[in-house]
Amino acid sequence: MYDSANTPANPHPDPDPRPNGHPHGHPHTPGASVRRARTRAMGEPRFPDGPKADPAGSHFERRIRSFQPRRSRVTAGQADALQRLWPQWGLDIDGRTLDLPELFGNDNPVVLEIGFGMGEATAQMAAADPATNILAVDVHTPGQGNLLNLADRNGLSNIRVGNGDAIILLREMLAPDSLDGLRVYFPDPWPKKRHHKRRIIQPDFLSLAATRLRPGAVLHCATDWEPYAEQMLDVLTAHSDFENTQADGGFAPRPDFRPLTRFEGQGLDKGHVVNDLLFRRVQHVDQSPAGA
């Protein structure tokens with residue numbers, strides 16, 4: 001998954017919407033994973049109306065990826081949300097051109113969040129700013145179901161959940177200057193030196209992201225892995241399409257709109273340092289906004 005852990009402090013458990021928490025109303029042990037009545041046939045989708053296991057399966061690319069899909073246990077409530085809500089609020093990243101106003105049903109600004117964990121922080125930000133649409137992308141099935149459930153419970157119509165590779169989304173599905181912000185919170189730090197090439201914040205990624213961010217849009221990163229934070233700062237500072245919002249050229253204080261996550265709080269209690277980076281997309285003299 002993209003996100004190491006993105007769970008706010010003191011999260012409230014998400015009650016299942018069906019009687020007794022079972023997708024068919026039968027008793028079950030709270031929090032237990034879904035047990036299907038029969039074994040799925042080979043090739044049968046896990047959630048027929050939910051996210052696909054490999055939505056861009058035709059893209060056989062030889063490309064180093066920054067994530068590893070994890071199909072871990074799905075609770076009854078998460079499974080129910082995936083089945084009920086995916087057709088309405090879910091998006092498989094399959095390479096087809098995406099119309100954001102059509103996707104959200106309005107022309108409000110759109111922020112892309114890459115990696116959202118279990119989605120609690122995303123839901124909090126969506127609730128605090130209903131005039132901003134959030135396209136939240138991850139490959140973690142339980143998190144997708146949990147975020148859909150949170151959006152449904154709290155009436156958050158400004159959330160859409162994307163399933164798949166964010167690079168394909170940026171490169172093939174989004175129009176130039178279509179995003180008003182990009183959030184990458186607690187991405188996998190890939191701490192081993194031989195895996196550093198898998199880190200998402202790299203010059204090529206920034207060049208691609210810059211084409212989809214309108215001038216003035218902010219790229220916001222956060223990490224608790226200090227060596228990765230230093231690399232992020234170096235790579236972003238060196239990139240001509242971005243400028244640091246901090247006058248001293250360093251890290252930024254955590255902005256009020258980013259919730260303190262449970263994972264983050266535990267790290268702070270242990271003396272870990274969490275660094276935020278806020279860089280603005282610049283418009284060069286020889287560039288004009290899309291459509292101008």
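How would you classify region 71-230 from its alpha-carbon gyration tensor, with a ≥ b ≥ c the square roots of the eigenvalues: rounded for a/c under 1.5, else prolate if a/b is greater than b/c, otherwise oblate? Since a/c reaches 1.5 but b/c is at least a/b, the shape of region 71-230 is classed as oblate. Loop-resident trypsin sites (Lys or Arg not before Pro) (DSSP state other than H, G, I, E or B) in region 197-292 with no more than 11 further Cβ atoms inside 10 Å of their Cβ: Lys270. On region 75-170, 48 percent of the accessible area sits on carbon and sulfur atoms, based on a 1.4 Å probe. When each of the peptides 140-147, 251-258 is scored by the mean number of other C-beta atoms lying within 10 Å of its residues, the order from highest to lowest reads 140-147, 251-258. Packing here is the average count of other Cβ atoms within 10 Å per residue, and on that basis the peptides 216-223, 243-250, highest first, run 216-223, 243-250.
The values are calculated or read from the model by the stated rules, or taken from the named source; none is laboratory data. Remember, predicted model here, so these are calculated numbers, not experimental data. Cβ: placed from backbone, ideal geometry, glycine included. Neighbour counts: every protein chain shown. Ligands, DNA and RNA are stripped out before the accessible areas are found, and what is left, the full protein with its side chains, is counted by its heavy atoms. Shrake-Rupley method; radii C 1.70, N 1.55, O 1.52, S 1.80 Å.
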